[in-house]
1. Scan the stretch 223-242 for residues that are over 17 Å from the mean Cα position of the chain (by Cα) and either touching a residue at least 40 places away in the same chain (Cβ under 8 Å) or closer than 12 Å to residue 159 by Cα (or both) and jot them down.
2. Note down all Cβ pairs under 8 Å where the first residue falls in the stretch 266-292 and is under 18 Å from residue 223 (Cα atoms) and not assigned by TED's automatic domain parsing to the domain that holds residue 158, the second is modelled with pLDDT of 95 or more and in a loop (DSSP other than H, G, I, E, B), and they're at least six residues apart or on different chains.
3. Restricting to the stretch 141-155, name every residue that is in contact with a helix residue (DSSP H, G or I) (Cβ under 6 Å, 6 or more places away or on another chain) and under 25 Å from residue 112 (Cα atoms).
4. If you check residue 10 against the conditions, is it in contact with a helix residue (DSSP H, G or I) (Cβ under 9 Å, 6 or more places away or on another chain) and at pLDDT 90 or above?
5. Mind listing just one residue for me: the one in the stretch 77-93 that is touching a helix residue (DSSP H, G or I) at 6+ places or on another chain (Cβ under 8 Å) and over 16 Å from residue 132 (Cβ atoms) and, of those, surrounded by the most Cβ atoms within 10 Å (Cβ to Cβ)?
6. Would you list the helices (runs of 4 or more DSSP H) that sit entirely within the stretch 90-180 and hold 3 or more residues that are closer than 30 Å to residue 266 by Cβ?
């Protein structure tokens, strides 16, 4: 349909000085234009910086589900396939539509590969994950404008969305209302005398506290993986690029604490406190982010409202305003 519209348009406007070119010539020119350019729709809309940040964070979240698969596939196939299913659900219809506007092939192939890993095995895990990561890199290159990809504020927003998702995943990993979440944070590594893990839960106990129970191991794994991905993004895209060195130092300190807290399975309250009390407030200062009120967490917590349906994972409708100057 788009090709026909392009041909008709060229046939109607291309002139050599005053003589209208032939229908065949216009058709050949249109075919040359289509075949020599990337498969991007001429009618695709321009994505806003916030939309681009959301897409980049979505790619990070897909990667956070893929990373645990390699370590799980040989010991826990069920858990590996749960992560594969989660990654597939993130690529919902809305995301696919946006990607198809830029490149139909990449969208189709990425969906096909995410479908294929639902039955992933030890023999094909490396090859399949490598192909998906290559496709994700291609998706970023065609979906995100270069000026937005290099924009510090956009990268800060990606990092902020990732941080929110880390706290969401970590919180969902624990049984709601479990009294054992009030751990003694002063317990040392030497205090730990047992750690247990099965297909459905992980637990850690100390001499001084009750047992901490992780009931959703997949969510716990994604929280840890996304933390590593967010730290890499921060180091690559944001570190040293702020006028407020003290704020950046506090973000780094918060990231270090976050990684330790997740590794030690500390309480969700501790992780939430680090994300919303240390990392994000200093991120706002460091990169001069401007926020709108949020219905979920109040003003200034860089929170993103989310919605979920039965056929797709969370889609983000943010309440952020950005200072792009």
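The values are calculated or read from the model by the stated rules, or taken from the named source; none is laboratory data. Since the model is a prediction, treat every value here as computed from it, not as a measurement. Quick reminder, even Gly has a Cβ in these numbers, built from the backbone with ideal geometry, and neighbours come from all protein chains shown.
1. So the first thing to find is which residues in the stretch 223-242 are over 17 Å from the mean Cα position of the chain (by Cα), and the list is 239-242.
Within the stretch 223-242, 239, 241, 242 qualify.
2. Here the result reads none, with nothing in the stretch 266-292 linked to a residue that is modelled with pLDDT of 95 or more and in a loop (DSSP other than H, G, I, E, B).
3. 142, 143, 144
4. On the way: in contact with a helix residue (DSSP H, G or I) (Cβ under 9 Å, 6 or more places away or on another chain): yes; at pLDDT 90 or above: no.
So residue 10 fails the test.
5. Ranking the qualifying residues of the stretch 77-93, first place goes to 82.
6. Working: elements: 93-102, 104-116, 125-143, 146-149, 152-172.
Answer list for the stretch 90-180: 152-172.
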